[in-house]
Every structure is written in structure tokens, then in C-alpha cells.
1. Measure nothing but the geometry: give the 0 to 90° angle between the long axis through the Cα atoms of 4-19 and the longest principal axis through the Cα atoms of the chain, rounded to 10°.
2. Taking only the alpha-carbon atoms of the stretch 286-338, what semi-axes of the equivalent ellipsoid follow from 5 times the gyration tensor eigenvalues under a square root, in whole Å, largest first?
3. Put one equal scatterer on each alpha carbon of the stretch 239-299, apply the Debye formula with no solvent term, and list log10 I(q)/I(0) at q = 0.12, 0.17 1/Å to two decimals.
4. Taking trypsin sites (Lys or Arg not before Pro) as candidate sites, keep only those in a DSSP loop with at most 15 other Cβ atoms within 10 Å, then name the longest stretch of the chain containing none of them.
5. Averaged per residue, what accessible area in Å² does the stretch 64-146 show with a 1.4 Å probe, protein chains only?
6. Treating the beta-carbon of each Lys and Arg as +1 and of each Asp and Glu as -1, no other charges, what is the dipole magnitude of the chain about its Cα centre, to the nearest 20 debye?
7. Over the stretch 91-130, what lengths in whole Å, largest first, do the semi-axes of the equivalent ellipsoid take, defined as the square roots of 5 times the eigenvalues of the alpha-carbon gyration tensor?
8. Run through every distinct alpha carbon pair of the chain and return the Kirkwood hydrodynamic radius in angstroms, one decimal place.
Amino acid sequence: MPSRRDVLAGLSAAGAAGLAGCSGGSFSPGRDGSTEWPVPGYNVRGTNYARNAAAPRTKPSERWSAKTGLAVGRIVVADGAVLVPAADALYAFDVRSGDERWRVPLKPYGVAVADGVAFVTLRDEPAVVALATADGSEQWRTETAGQFGSAPLPAPTSDVVFAGDTTGRVTALSRQEGARRWSFDAFTGVYSLAARGERLYVGTTGGTAYELHASGDAVTPVWRRKIPGTVRGLAVQNDSVYVGAFGGGFLRLFDGAHAGRTAWHAPDAPTVTDAVVFTGESVLGADGGGVAAYDADSGSERWRWSADGSSAASAPAAAGDTLYVGVDGRLRAFELGGGTGVGPYRFGAQRWSYDVLPRCVAVADGAVFAAADDVHGSPGVVALE
């Protein structure tokens, strides 16, 4: 990691004229203080970006904190509750007060919320469970072929929820009673899911990305593409699929008539954990080596903030004009445009940092919610505003 002296020297040498125009895009602060984060990727397209959401842009204060088991999946926020998948239970806390609403002693992998129901994939048994967000009561439980390596995903245009397990089986289940509508074999474990309309995108541990046409009770493969590494993150827009691969960087794949062809590949992009951020202008990710942003159209690097690699990074989340991620031992907030600078020497990229290293973050209700191994001395979740 560059020293402060190196950074200042680099900025001084560049000069004000050299710094002009070196930012990574223009973004506006979010102003809506009532937003939710109902699925791990914020929306079914997996963008991890709440454009209109208000969130702390300056050093935050603590709204509340609460104890949990070790977080094992990403936080979601919906129906006035913060849901934390932990090793010992799924916890639900009141979004404003932090009071515990309920906990269910499952061993969840991931959770997603739609229409007052929390859909949960499990680690210790091959099943999907539906719980009422109001009180945690079980609505249904459906056995599956294998245990889970991905969070569930509610379909955007039908009444099903998708789940992908470690055997490679993708299953569509009725949201109302958990009945199986269809299944598809992706051959290796399913790690990532995203959707657009009737299109479902699947990323596997074996390094394959799929597009499926998922309509009602039927599924049809559209294309498949081999990826250089486990597909750790998927984000979808109308004509493109952005892929974060373990050890393989970022890729933009064409959608539609171009059927999975590569638009660009950034092999030196971060080895992401669980997610990429897609803002429309940029694709961002983080690992132990820092944070980096790439132009969504061309794949050229827009900006980079370097860390020393001594600690892992959390999956990032973004809102308005700010990126939130656990990296280099702390929760950090960055300007989405990267401030100004040359190469790794940035001025104004980091907005603030907070002394907690989260496993995951979410942005909702005007706050950042972070689950960490050490929140005031024990595993827990903290709300910052």
C-alpha cells in the first residue's frame, strides 16, 4: 500500500491541471430515506446500487447495534426489519430501534424478501424455507437435491422464487406453497443468480455463466459461456451481463442477439467476494488489495484505491454517490467517482472509515447496516447514519 508520503508526492507531481478530468464519473447524493435492500444484490438484477437511497456521506454515528452469531450471508432490509443470516439462526431486528423482532434457529445460507415473505436457503440441509417477515413463522419448506451455495432470488415477472444448490440444480418454486415449477441442471454448484424480465442468469463454481428463459412452468437454455474462474458476482442490464470471476477479473458479456460473446475482459480486476457494483457508468469491486472501478462500456480502469492485502474485503454496496465496503481492516466509504488523481494516487476518494470490519453491508432507511465478527466485542450488526 502506498505511504501517505508517496500519495502526497504523486499528487504534487501531477499538479492541479493533471488531476482535472481524472475522476471516474459523476454521481449525485441519494435523498430517499425510506429505501429497502430486499435481496442480497439490492435488486434482482444484482446491481448492488441504490441510486436514490440516502446514506451517510460524512463520518456516521451509531443508530444501534445488536449481537448475533457469526454472519454467513448478506444482510437484507425489508418490511421494517434487518435480516441477518448467521451461523446459528436467522435474526430479524427493527430497522429503526434495533430491537430483536424474532430469530429462527435455522442454519441459513442466504435470504431474500418479497411480498412479506423471507425465502431462506440452508447450509445444513437441502431445503428452501419461507418465513413470514412479520413474526418469523414458517410458511412452507421444500426439500431440494442439494445444499445451497447461493441466496434465493424472487422472479421479477412471475410468482416463483429461484434457488441454486451445490449439485448444480436450479429450481423454481412457487412463492405461495413451495411447489416445484421446473428445474435445470447447471452441472456444477450454483453460486450466483440474477434476473431481468423472464431471463435468469446463473453463475457456477465450475466457471460457467448461463442465460435461461424462465417463463411460468417452463425453462429453456438460451446460451452458456465458460468463464475464467468461479462466477462470484453477476449484474445485468438490458444488453449486457457483468461478471466478477474468482481470479479471472471482470467481464462484460453481450446479451440478446450476441448470445454471451465477450465485449471486454479486465483480467486484473479485483477477485470479488459475492458481488460487483454496477452503476450504469461503472463496474466496481473490492478484494484485499483494494477497490477498483472500470468503465462499463469499454472496460478501461477508471480509478483504484490500494490496500495492503492483509484482510479480506466484504461484498460492496453503493447508494447515491457513495460506495461502502469493508476493506483494509475497516468499513470504508468511497466517492463512487473515485475523487481525483493519477493511477493509484487519489485525492478525495475515501470519504470516511469506521472501526469495524464487516463481513457484509447493506444500505437502507438512510443508514448503512454492517455485520461483523467484532461489534463492541462480539459478533453482531451495527446501523450507522
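1. Its long axis makes an angle of about 80 degrees.
2. On the way: eigenvalues 69, 36, 14 Å².
Each semi-axis is √(5λ); the values are 19, 13, 8 Å.
3. The calculated log intensity ratios at q = 0.12, 0.17 Å⁻¹ are -0.25, -0.49.
4. In short, 97-260.
5. Solvent-accessible surface per residue comes out at 35 Å².
6. That gives a dipole near 680 debye.
7. Each semi-axis is √(5λ); the values are 21, 12, 7 Å.
8. The Cα-based Kirkwood calculation yields 20.7 Å.
The values are calculated or read from the model by the stated rules, or taken from the named source; none is laboratory data. All values reported here derive from a predicted model rather than from experimental measurement. Cβ atoms come from the backbone with ideal geometry, glycine included; neighbour counts cover every protein chain shown. Heavy atoms of the whole protein, side chains included, go into the accessibility calculation; ligands, DNA and RNA do not. Shrake-Rupley method; radii C 1.70, N 1.55, O 1.52, S 1.80 Å.
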